[in-house]
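Read through the structure below, which is laid out as structure tokens, and then see the notes.
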Amino acid sequence: MHCPAKGTLYRALSADASTAYGLSPAFVVHDELGLVRGPRSELFEALKTGSAAQLAPLSIVISTQASGDADLLSVLIDDAQSGRDPRVVCSVYAAPPDADPFALETIKLADLLTTIPKNASDATDIKNWLTQRKTRGTVRNGYMSKIRKLLSNKEAQQFEELYGKRSKLLHEGDGRGQLDEAAEQALTIATALLLADISRPHSERGSGENGFRQKH
């Protein structure tokens, strides 16, 4: 995006750090820096070093929290909150670590109010939705419980590992083109789970497990 009147060129950079070398940006927006694992990012450092050539560079980080205290975003937040550099402004919207993640007040503290309508009736609906999710648990935990019950802890552990690989591929792109064996393992577990499930008497199945109702 080029603005000739201001002499400004805005461009999106890939995660490949080599694309940032040689640049001297006056303004940088780091989107989802919380995805960086570990305390360093070559791309972040290249842009920070390059912006030093500007008289008044500005850098903004917009992100959800990092997964660990030793990851780059967590380190930057800790440094900013120490107050050592008055030029750094840090705004963190978060709930206490021990807060109930399904409570409405916790969500408000995490600044997710954009997803919660202000009128009382809609807020109540969302609170009921959160209660249902808390009762039902996550999809992953639901499958883990079912696999342990119908198969064994061994298959449950295999599913846990496969789900971790799936999450890395989905969120980080890690493992692309290397999941043939994992796909076969997942198919084996899914087939065994299906056979074990359909062999149970209907009376032993929990309500809502089938996802459909038969008409008699």
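Return a yes/no flag: does segment 73-81 have any residue that is modelled with pLDDT of 85 or more and either part of a loop (DSSP other than H, G, I, E, B) or of a type in the set (D, E, K, R) (or both). Yes, the conditions are met somewhere in segment 73-81.
Results for (1) modelled with pLDDT of 85 or more; (2) closer than 24 Å to residue 101 by Cα; (3) touching a Leu at 6+ places or on another chain (Cβ under 7 Å); (4) exposed (fewer than 13 other Cβ atoms within 10 Å of the Cβ), shown as yes or no for each residue.
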position: 118; (1), (2), (3), (4): no, yes, no, yes
position: 129; (1), (2), (3), (4): no, yes, no, yes
position: 148; (1), (2), (3), (4): yes, no, no, no
position: 161; (1), (2), (3), (4): yes, no, no, yes
position: 173; (1), (2), (3), (4): no, no, no, yes
position: 177; (1), (2), (3), (4): no, no, no, yes
position: 184; (1), (2), (3), (4): yes, no, no, yes
position: 198; (1), (2), (3), (4): yes, no, no, yes
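Checking 66, 53 one by one, the residue that is of a type in the set (A, V, I, L, M), within 23 Å of the chain's Cα centre (by Cα) and outside any helix (DSSP H, G or I) is 66 and no other.
Counting the residues of segment 89-104 that are surrounded by 11 or more Cβ atoms within 10 Å (Cβ to Cβ) and within 14 Å of residue 33 (Cβ to Cβ) gives 1. Looking only at segment 14-34, decide whether some residue is in a helix (DSSP H, G or I), under 28 Å from residue 94 (Cβ atoms) and either charged (D, E, K, R) or out of contact with any Lys or Arg (no Cβ under 9 Å at 6 or more places or on another chain) (or both). Among the residues of segment 14-34, at least one is in a helix (DSSP H, G or I), under 28 Å from residue 94 (Cβ atoms) and either charged (D, E, K, R) or out of contact with any Lys or Arg (no Cβ under 9 Å at 6 or more places or on another chain) (or both), which makes the answer yes.
The values are calculated or read from the model by the stated rules, or taken from the named source; none is laboratory data. Since the model is a prediction, treat every value here as computed from it, not as a measurement. Using ideal geometry, Cβ is built from the backbone for each residue, glycine included, and neighbour counts are taken over all protein chains shown.
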